[in-house]
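Below is one structure, written out as structure tokens, with a few remarks after it.
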Amino acid sequence: MKGVYLNKIGNYLDQEVEIRGWLYNKRSSGRILFLLIRDGTAVIQGVVFKNDVTPEVFEAARSLTQESSLIVRGIPKEEKRAPGGYELSVTDLEIVQIAAEYPITPKEHGVEYLMNHRHLWLRSSKQRAVMLIRNEIIKASREFYDDRDFVLIDAPILTPAAVEGTTTLFETDYFDEKAYLSQSGQLYMEAAIMAFGKVYCFGPTFRAEKSKTRRHLMEFWMIEPEVAFIDMDENMELQEEYVTYIVQRVLENRAEELQVLERDLDKLENIRPPFPRISYDRAIEILRDKGAATEWGQDFGGADETIIANEFDRPVFVHRYPTEIKAFYMKPDPLRPEVVLGSDLLAPEGYGEIIGGGERISDPEFLLERIRRHSLPEENYAWYLDLRKYGTVPHSGFGMGLERAVAWICGLPHLRETIPFPRLINRIYP
Ligand code: 4AD
Ligand code: MG
């Protein structure tokens with residue numbers, strides 16, 4: 001008999017099928033055993049009647065422990081009251097393995113304990129919901145850019161040069177040379193747009209963030225589109241369209257998972273363009289009005305971002321940050337060179353920055369000056385300067401941190417549950 005997957009069980013009503021999976025939970029009521037079985041796609045309640053199966057099968061079912069692996073055969077029928085909406089009348093059961101005492105039980109466990117058991121914790125319904133929403137965001141992102149004729153260009157992970165400052169670099173030895181794990185694929189996307197016009201990359205990025213916060217991972221995934229001949233305003237338009245698209249896709253396709261996470265849907269349904277746009281200057285005024293001590297010229301901390309974002313019911317762009325606190329490649333505003341034509345997108349409900357981006361410097365001499373001013377090793381940026389020598393054009397792009405977007409859309413307070421195996425300041429296990 002061929003195995004079927006539980007998410008397709010509705011196609012096999014009243015036929016004998018084989019399900020292969022794990023025991024989620026078990027209840028007994030005298031001569032009946034209720035087995036909650038999951039196979040990775042869904043769960044089903046299996047019912048074993050003592051009178052309908054051999055004594056061996058009943059005994060095997062009775063002996064199952066939580067997370068035991070098994071193959072069951074039975075006849076599915078609709079049952080509105082059962083989890084998932086179907087019930088399986090079990091006719092036969094084969095044990096693959098009786099699982100040892102499972103460390104994660106329905107009782108409450110501490111976060112450190114769960115993180116130490118992350119490899120098992122992933123099986124829990126809440127963690128599954130988060131990963132399915134993450135998967136939906138990735139699928140929606142690829143479709144969004146593919147549909148708009150962006151070309152996916154993979155950026156290297158081992159790189160000779162910093163993108164986002166030298167203090168968070170993970171350094172490694174590269175045959176007697178120094179190499180760094182990529183902080184961002186951006187510089188390579190800038191090369192690629194000169195060949196393809198519109199590109200994006202999606203890959204892991206690395207930052208040795210020395211402080212412990214709920215918004216930082218050492219290893220995270222970033223989606224980075226880059227487009228030739230667009231300015232900061234067009235770049236923000238692309239962002240609001242994109243963010244709206246992924247939110248709507250999750251609402252359409254992952255309603256069940258959002259419900260498992262008890263997400264407040266009103267807050268997400270609201271996400272539509274246009275997103276409000278305020279200058280850094282205005283953001284400083286908001287902070288001052290709310291009694292925060294942050295002064296012009298300082299970068300925003302998580303608390304500042306929350307105060308600013310709380311003024312709005314959808315994500316808000318903050319643009320024209322001080323040139324001094326932003327990366328070397330950002331183009332200063334020609335009318336006011338003390339600020340750059342860059343923007344951050346701050347998510348509502350206290351989630352803070354989910355996107356950073358802006359217009360890049362396109363003038364070769366000025367870019368070289370900035371590289372020197374940031375004390376970056378010129379020789380490693382020669383290729384990047386070349387891009388400004390052979391047909392330079394105005395261009396812009398941005399990077400969305402996938403885990404920040406997942407945390408916001410799922411309504412999770414900490415990034416550690418947004419990635420299958422988080423790398424945190426004090427954790428590289430499992
Ligand atoms: O603002 P960032 O540093 O911008 C860049 O890396 C640009 N080079 C992107 C570009 O223009 N192509 O990072 C972009 C986003 C942030 O807004 C945040 O969502 C996420 O990446 N991010 C992190 N996410 C998790 N953990 C960290 N340590 C992160 N650092 C940045
Ligand atoms: Mg940033």
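The values are calculated or read from the model by the stated rules, or taken from the named source; none is laboratory data. What you see is a predicted model, and the numbers here were worked out from it, not measured in a lab. All Cβ positions, even for glycine, are placed from backbone atoms using ideal geometry, and neighbour counts span all protein chains on display. Heads up: the accessible areas ignore ligands, DNA and RNA and are worked out on the full protein's heavy atoms, side chains in. Shrake-Rupley method; radii C 1.70, N 1.55, O 1.52, S 1.80 Å.
Please count how many residues of the stretch 306-327 are over 13 Å from Ser343 (Cα atoms) and either within 14 Å of ligand 2 (Cβ to nearest atom) or part of a helix (DSSP H, G or I) (or both). I'd like the intermediate steps shown before the answer.
Residues of the stretch 306-327 that are over 13 Å from Ser343 (Cα atoms), as a first pass: 306-314, 324.
Going one step further and asking which of them are either within 14 Å of ligand 2 (Cβ to nearest atom) or part of a helix (DSSP H, G or I) (or both), we end up with 306-309, 324.
Of the residues in that region, 5 qualify.
Go through the stretch 328-351 and report how many residues are in a loop (DSSP other than H, G, I, E, B) and either of a type in the set (Ser, Thr, Tyr) or closer than 30 Å to Leu268 by Cα (or both).
Counting residues in the stretch 328-351 that are in a loop (DSSP other than H, G, I, E, B) and either of a type in the set (Ser, Thr, Tyr) or closer than 30 Å to Leu268 by Cα (or both) gives 6.
List, please: which pairs have Cβ atoms under 8 Å, are six or more places apart or on different chains, and start with a residue in the stretch 229-253 that is within 30 Å of Met194 (Cα to Cα) and of a type outside the set (Asp, Glu) and end with one that is in a loop (DSSP other than H, G, I, E, B) and open to solvent by 30 Å² or more (accessible area, probe 1.4 Å)?
Sorted first by the residue in the stretch 229-253, then by its partner, the pairs are Phe229/Pro394; Ile230/Pro394; Thr244/Arg272; Thr244/Pro273.
What tally of residues in the stretch 29-60 results from selecting those that are assigned to a loop (DSSP other than H, G, I, E, B) and either within 22 Å of Glu256 (Cβ to Cβ) or in contact with a strand residue (DSSP E or B) (Cβ under 6 Å, 6 or more places away or on another chain) (or both)? Break it down stepwise before answering.
Here is the first cut: in the stretch 29-60, the ones assigned to a loop (DSSP other than H, G, I, E, B) are 30-31, 39-42, 53-54.
Cutting the leftovers down to either within 22 Å of Glu256 (Cβ to Cβ) or in contact with a strand residue (DSSP E or B) (Cβ under 6 Å, 6 or more places away or on another chain) (or both) gives us 39-42.
Residues flagged as assigned to a loop (DSSP other than H, G, I, E, B) and either within 22 Å of Glu256 (Cβ to Cβ) or in contact with a strand residue (DSSP E or B) (Cβ under 6 Å, 6 or more places away or on another chain) (or both) within the stretch 29-60 amount to 4.
Search the stretch 379-404 for residues that are under 12 Å from Leu367 (Cβ atoms) and pair each with any residue that is within 16 Å of ligand 2 (Cβ to nearest atom) when their beta-carbon atoms are under 8 Å apart and the residues are at least 6 apart or on different chains.
Close Cβ pairs satisfying both conditions: Tyr384/Leu187.
Restricting to the stretch 375-407, name every residue that is out of contact with any Pro (no Cβ under 8 Å at 6 or more places or on another chain) and within 16 Å of ligand 2 (Cβ to nearest atom). Walk me through how you get there before you give the answer.
Quick first cut of the stretch 375-407, residues out of contact with any Pro (no Cβ under 8 Å at 6 or more places or on another chain) only: 375-379, 381-384, 386-387, 390-391, 393-396, 399-406.
Once the filter is applied, which keeps residues that are out of contact with any Pro (no Cβ under 8 Å at 6 or more places or on another chain) and within 16 Å of ligand 2 (Cβ to nearest atom), the stretch 375-407 yields Ser396, Gly399, Met400, Gly401, Leu402, Glu403, Arg404, Ala405.
All but one of (1) out of contact with any Ser or Thr (no Cβ under 9 Å at 6 or more places or on another chain); (2) at pLDDT 95 or above; (3) assigned to a loop (DSSP other than H, G, I, E, B) hold for Met1, so report the exception by its number.
(2)
Select, from Met194, Met218, the only residue that is surrounded by fewer than 23 Cβ atoms within 10 Å (Cβ to Cβ), within 26 Å of Pro422 (Cβ to Cβ), in contact (Cβ under 8 Å) with a residue 60 or more places away in the chain and assigned by TED's automatic domain parsing to the domain that holds Ala382.
After ruling out the rest, the residue left standing is Met218.
Would a scan of the stretch 338-349 turn up a residue that is more than 9 Å from ligand 1 (Cβ to nearest atom), over 24 Å from the mean Cα position of the chain (by Cα) and either surrounded by fewer than 19 Cβ atoms within 10 Å (Cβ to Cβ) or not assigned by TED's automatic domain parsing to the domain that holds Ser279 (or both)?
yes
Run Ala161 past the list (1) small (Gly, Ala, Ser); (2) more than 16 Å from ligand 1 (Cβ to nearest atom); (3) closer than 26 Å to Ile425 by Cβ and report the number of the one that doesn't hold.
(2)
I'm checking my understanding of the structure. Among residues of the stretch 8-28 that are part of a helix (DSSP H, G or I) and open to solvent by 90 Å² or more (accessible area, probe 1.4 Å), which one is farthest from Arg254 (Cα to Cα)?
Checked the stretch 8-28; the qualifying residue farthest from Arg254 (Cα to Cα) is Asn11.
Within the stretch 225-248, take every residue that is open to solvent by 10 Å² or more (accessible area, probe 1.4 Å) and in a strand (DSSP E or B) and give me the one that is nearest to ligand 2 (Cβ to nearest atom).
Val227
Could you check the stretch 212-224 and list, in sequence order, the residues that are within 15 Å of ligand 2 (Cβ to nearest atom) and over 16 Å from Asp154 (Cβ atoms)?
Thr213, Arg215, His216, Leu217, Phe220
Identify all residues within the stretch 70-95 that are of a type in the set (Gly, Ala, Ser) and either closer than 22 Å to Asp52 by Cα or touching a Pro at 6+ places or on another chain (Cβ under 7 Å) (or both); write none if there are none. Spell out the reasoning first.
Initial filter on the stretch 70-95 (of a type in the set (Gly, Ala, Ser)): 74, 82, 84-85, 89.
Hits for the stretch 70-95 are Gly74, Ala82, Ser89.
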